[in-house]
Amino acid sequence: MSTYGAAAAQSQKLSAPCSCSRVEISAVLATIPDELRARLQKVAVDAYRALRVRDYGRVDIRLTETGEIYVLEVNASCYLEKSSEFAMAAAAAGLDYPRLIEQIFSRLPVGPKQFPQGMITDRDLGFRIAETIREKLMTLVHKEVPYGLTVEVEHLGKNDEGQRLVHALIWLERESQKSIVIGKAGSVLKQAGTLARQELRELLGERVHLELWVKVREHWADNERELQRLGFEV
């Protein structure tokens, strides 16, 4: 979560809390007192948790002259785009997007390493394989089944031919979703399996034998115990 947005916001003169068109902004960054920084961070954390964001995220905040705090957006992808509220406000002050990024990085403190050198993820292999399969499925059925679909790797091993053996369960929330995910004569499931095997072969550096089963467990997405069992942080 970024406190840079709060720093820039403190130097703004706001005539309305939710109208960018009526904002006069100074391009000079302000120093944030410790007490105010703590308030801003608490608001950001509360918004982050309320939206159940996982891993990294960025919270953009606007602070009025009277001390009112407004959360502009919570970006779960942790990207600052040109169309973001904060980037647009900076542009209105004459600070274009490339220079804004330079200003942000020049002020970021150097912290300790969070992970060992060469480590690209803190997720285990089973979770990464499950997410690869889920991504391929959602690419095919996201319009018909936008939510309520997850994947659980039940078994990892080797078969007699030396291939990586993966048994995965596709969990749905409703029985009516099974025919969509499986497809006519298994067409959707076969296509998702083919796409997933191709990517897993590159990820693992070996041939992959993938077997998929589709099952229904109602309201699994609303059950914290189920979410934790499936590897999600709640």
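The values are calculated or read from the model by the stated rules, or taken from the named source; none is laboratory data. Worth saying up front: this structure is predicted, and the values here are computed from it rather than measured. FYI the Cβ positions are ideal-geometry reconstructions off the backbone, even for glycines, and counts take in every protein chain you see.
Pairing residues of the stretch 18-43 that are acidic (Asp, Glu) with residues that are modelled with pLDDT of 85 or more and outside any loop (DSSP other than H, G, I, E, B), at Cβ distances under 9 Å and at least 6 apart in sequence or on separate chains, gives GLU24/ALA92.
Within the stretch 56-115, being under 21 Å from LEU36 (Cα atoms), of a type outside the set (Gly, Ala, Ser) and out of contact with any strand residue (DSSP E or B) (no Cβ under 7 Å at 6 or more places or on another chain) holds for THR66, GLU68, ILE104, ARG107, LEU108, PRO109. Considering only residues that are surrounded by fewer than 14 Cβ atoms within 10 Å (Cβ to Cβ) and on the phi < 0 side of the Ramachandran plot, which ones fall in the stretch 204-233? Listed by number, the residues that qualify are GLU206, ARG207, GLU211, TRP213, LYS215, GLU218, ASP222, GLU224, ARG225, GLN228, ARG229, GLU233.
Within the stretch 179-190, no residue that is within 13 Å of LEU212 (Cα to Cα) and without any contact (Cβ under 8 Å) to a residue 40 or more places away in the chain sits with its Cβ atom under 6 Å from a residue that is basic (Lys, Arg) and outside any helix (DSSP H, G or I) at 6+ positions apart or across chains.
Within the stretch 81-94, residues that are at positive phi have Cβ atoms under 8 Å from residues that are not aromatic (Phe, Trp, Tyr) in these pairs: GLY94/ALA27, counting only partners at least 6 apart in sequence or on another chain. Filtered by the rule that a residue be outside any helix (DSSP H, G or I), in contact (Cβ under 8 Å) with a residue 12 or more places away in the chain and among the aromatic types (Phe, Trp, Tyr), the stretch 106-164 gives a lone residue, TYR147.
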